[in-house]
Amino acid sequence: MAKTLKGVYRPRNPEKYRGDAGQIIYRSSWERTFMKYCDMTESIKSWASEEICIHYYDPVSKKKRRYFPDFVIRYVDTDGLIITELVEIKPHNEVVGPDKNPKRKTKSWIYAVHTYCTNMAKWEAAEKFCEDRGWRWRIVTEYDLGLKKRK
């Protein structure tokens, strides 16, 4: 099994970070890539990592849980408007979900279904959270980060 890259990100522009700029934790190389983008992109005025808590109901565990989206960013769009956006970094296969009718329903398929159901509940709560505040919501995959070409 591949080891996930984890570490502490040290921003070049710590004044843009909302939170403790000395304790910005990334849990994957993809998150680190997005952190560099937020840190170095001039139109992004501020950003934070896992600083917002959203409550949701997890249909798999049948419990109320807390969800911390990966990022909240504030940026100036092409029309000069300041936009606040929640961003989640996820692999494309988790966004589209597992096969609906696999030949065999293996343990890994069942796990993928549970992950997808939990993610959908989180993302529905995040969409509502953003809608209530006039914010945007976006899921970023390896394709959006330019780490993989679409087939």
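The values are calculated or read from the model by the stated rules, or taken from the named source; none is laboratory data. Just so you know, these numbers come straight off a predicted model, no measurement behind them. Here Cβ is always computed from backbone atoms with ideal geometry, including for glycine, and neighbour counts include all displayed protein chains. Each accessible area value is taken on the protein alone, full model and side chains, heavy atoms only, with ligands, DNA and RNA left out. Shrake-Rupley method; radii C 1.70, N 1.55, O 1.52, S 1.80 Å.
Here's the picture: a label point sits 7 Å out from the Cα of residue 55 along the beta-carbon direction, and within the range 112-127 the residues with their amide nitrogen under 20 Å of it are 118-127. With respect to the chain, whose longest principal axis is taken over its alpha-carbon atoms, helix 107-133 is tilted by about 40°. In loop segments of the range 17-89 as defined by DSSP, there are no chymotrypsin sites (Phe, Trp or Tyr not before Pro) with at most 10 further C-beta atoms inside 10 Å of their C-beta. What the chain shows is 67 Å² of accessible area per residue, with the surface traced by a 1.4 Å probe over protein heavy atoms. Placing +1 on the Cβ of every Lys and Arg and -1 on the Cβ of every Asp and Glu, with no other charges, gives the range 52-128 a dipole of roughly 800 debye about its Cα centre. Surface composition of the chain: carbon plus sulfur atoms hold 50% of the accessible area, using a 1.4 angstrom probe and ignoring ligands, DNA and RNA. Between 0 and 90 degrees, the angle of helix 29-40 with respect to the longest Cα principal axis of the chain falls at about 20 degrees.
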